[in-house]
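Please read the structure below before turning to the comments.
Coordinate-derived values only; no laboratory data. Nothing here was measured: the structure is a model prediction, and the numbers come from that model. Every residue, glycine among them, receives a Cβ derived from its backbone with ideal geometry; neighbour counts consider all protein chains shown.
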Amino acid sequence: MDTLLDVRGLVAGYGPITVLHELSLHVGRGEIVAILGANGAGKSTLLQALVGMIRPTAGAVAFDGHDVNGNSPEQIVRRGMTLVPEGRRIFSKLSVMENLRMGAYSRRDRAVALEQMDRYFELFPVLADRRNQAAGTLSGGEQQQLAICRALLSNPSLLLLDEPSLGLAPVIVDKVFELIATLRDETGLTIVLVEQSVVDALEIADRAYVLSNGRFTAEGTSEQIAELDLEANYLGGDNA
Ligand SMILES: Nc1ncnc2c1ncn2[C@@H]1O[C@H](COP(=O)(O)OP(=O)(O)OP(=O)(O)O)[C@@H](O)[C@H]1O
Ligand SMILES: [Mg+2]
């Protein structure tokens, strides 16, 4: 398979503290890859290192054939890697439409982006209905859709999702995950999905990595990882 993201021996942390210990992973074009881990395992740190928000202290990150290690977040977004951060970070006072426009800020072809918005409105009809509503008045599931749609407007080839299920009721989680799967199926987008919701994530992922205290402890197809029964057998958290 055509590899879109190839990470080798990534080491990263905060100041003197090393959080990620020589992580290697690969993501093929069009794949959904899940990164599973408990609180504090290093999931968000990994995503932040990939998008240039934290500078790795060792290792190599190749994205779409380019070495992007040490690039700025703006350069990485332009290359096509976009993060939907944990907790969504939408602008609650701004309208849905204004939030979406901000997603296109890094693009030179903003007119094209606005045309794409119409296409995305078909995938996210609730956002079309509520386009003039203040984003802070949307429900949690709607806000997650807004955060995803805003990220799509930067025209990514790789979308990184940091715990999209966080704070959502189970039935809403199902809806959001269904939408993520549809997005991949209909647009060919490649997705890295960071989650603690193991069962939901494995339902839509092709492959998965298990992250525990900054190290990958298992890797395989979703079927193989599902057999480990992680939720029953403990994800391997802070005190592993
Ligand atoms: N800005 C920071 N400065 C110092 N240490 C940090 C910082 N952010 C995270 N850490 C530490 O790095 C480790 C990994 O944190 P990280 O946020 O990556 O975990 P996570 O897997 O995303 O957890 P969660 O599921 O709770 O979001 C933790 O021990 C955390 O305390
Ligand atoms: Mg996190």
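A few comments on the model shown:
- Alpha-carbon centroid distance for the pair the stretch 85-152 / the stretch 51-67, whole angstrom: 28
- Sum of -39500 (n - 2.57) over DSSP H runs of 4+, divided by residues of the chain (222 nm, nearest 500): -10500 deg cm²/dmol
- Stretch in the chain that is longest and holds no chymotrypsin sites (Phe, Trp or Tyr not before Pro) that DSSP places in a loop and that have at most 13 other beta carbons within 10 Å: 106-233
- Applied to the stretch 23-31, the Karplus parametrisation 6.51 cos²θ - 1.76 cosθ + 1.60 on θ = phi - 60° returns per-residue 3J(HN,Hα) values of 8, 10, 8, 9, 10, x, 4, x, 7 Hz, with x for Gly and Pro.
- Trypsin sites (Lys or Arg not before Pro) lying in DSSP loop within the stretch 1-87, provided at most 10 other Cβ fall within 10 Å: none
- Considering only alpha-carbon pairs that sit under 8 angstrom and 6 or more positions apart, the relative contact order computed for the stretch 1-91 is 30 percent.
- Here, the chain yields an orientationally averaged convex hull projection of 12.7 nm² when only Cα atoms define the hull.
- Amide H contacts for residue 86 (H built 1.01 Å from N in the peptide plane; partners 5 or more residues away or on another chain; cut-off under 5 Å): 162.
- Remark: the stretch 90-240 carries a charge dipole of roughly 980 debye about the Cα centre, counting +1 on each Lys and Arg Cβ and -1 on each Asp and Glu Cβ.
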